[in-house]
1. Which residue pairs have Cβ atoms under 6 Å apart, sit 6 or more places apart or on different chains, and have a first residue in the stretch 107-118 that is within 9 Å of Q73 (Cβ to Cβ) and a second that is in a strand (DSSP E or B)?
2. Would you pick out the residues in the stretch 70-95 that are over 14 Å from F123 (Cα atoms) and aromatic (F, W, Y)?
3. Mind telling me which of the residues L72, L61 ends up being modelled with pLDDT of 90 or more and open to solvent by 30 Å² or more (accessible area, probe 1.4 Å)?
4. Kindly indicate the residue of the stretch 96-140 that is charged (D, E, K, R) and in a strand (DSSP E or B) and also modelled with the lowest pLDDT among those meeting that condition.
5. Which of (1) open to solvent by 40 Å² or more (accessible area, probe 1.4 Å); (2) over 13 Å from the mean Cα position of the chain (by Cα); (3) within 19 Å of F150 (Cβ to Cβ) does T53 not meet, given it meets every other one?
6. When you check N93 against the structure, is it open to solvent by less than 30 Å² (accessible area, probe 1.4 Å) and either at pLDDT below 95 or touching an Asp or Glu at 6+ places or on another chain (Cβ under 9 Å) (or both), yes or no?
Amino acid sequence: MAAARAPSLAAAVVRALVPRRRGRALEAAADPRARLSVSSCSPEAGGAQIRLTDSCVQRLLEITEGSEFLRLQVEGGGCSGFQYKFSLDTVINADDRVFEQGGARVVVDSDSLAFVKGAQVDFSRELIRSSFQVLNNPQAQQGCSCGSSFSIKL
């Protein structure tokens, strides 16, 4: 059974390490056949979910305007092998999943979703910094102390 999962895990790792092209977003947005997947954060929605904390929703509503949303990506790198990357974006690609709660939206591409499904996105304020963070990621085996890097379960 583990051997059957290995090729898909290896393919997911390769896809995560390959940089995404900027032009693809514009092509997907212009393609009328492109379908977007919108998910709520409720358990009834089924499928892979990303949950948003109340502090995440509140902060996103403060900093986003109109069609802006928070994009969560997983990239190769960091001290544990993979790292979370957050950015504000306005273009939704055909392979993106949209997670919405209380009017705040977090978008995750299908490659990254394999590494964060079931996780929670939070906004944390501390004395010396404030940041969006991924918490309780069931796909992560361990992470670094800064919380932006992790290794995956095999």
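The values are calculated or read from the model by the stated rules, or taken from the named source; none is laboratory data. Given the structure is predicted, the values throughout are model-derived calculations rather than measurements. So basically every Cβ, Gly included, is an ideal-geometry build from the backbone, and we count neighbours across all protein chains shown. Heads up: the accessible areas ignore ligands, DNA and RNA and are worked out on the full protein's heavy atoms, side chains in. Shrake-Rupley method; radii C 1.70, N 1.55, O 1.52, S 1.80 Å.
1. V108/L72; V108/R97; D109/D96; S112/Q73; S112/V74
2. F82
3. Numbers: L72 fails: open to solvent by 30 Å² or more (accessible area, probe 1.4 Å).
Of the residues listed, the single one that is modelled with pLDDT of 90 or more and open to solvent by 30 Å² or more (accessible area, probe 1.4 Å) is L61.
4. R125
5. So T53 meets the others, but not (1).
6. In short, yes.
Conditions tested, residue by residue: (1) in contact with a Phe, Trp or Tyr (Cβ under 7 Å, 6 or more places away or on another chain); (2) among the basic types (K, R); (3) open to solvent by less than 30 Å² (accessible area, probe 1.4 Å).
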position	(1), (2), (3)
G77	no, no, yes
L88	no, no, no
V116	no, no, yes
V121	yes, no, yes
L127	no, no, no
L135	no, no, no
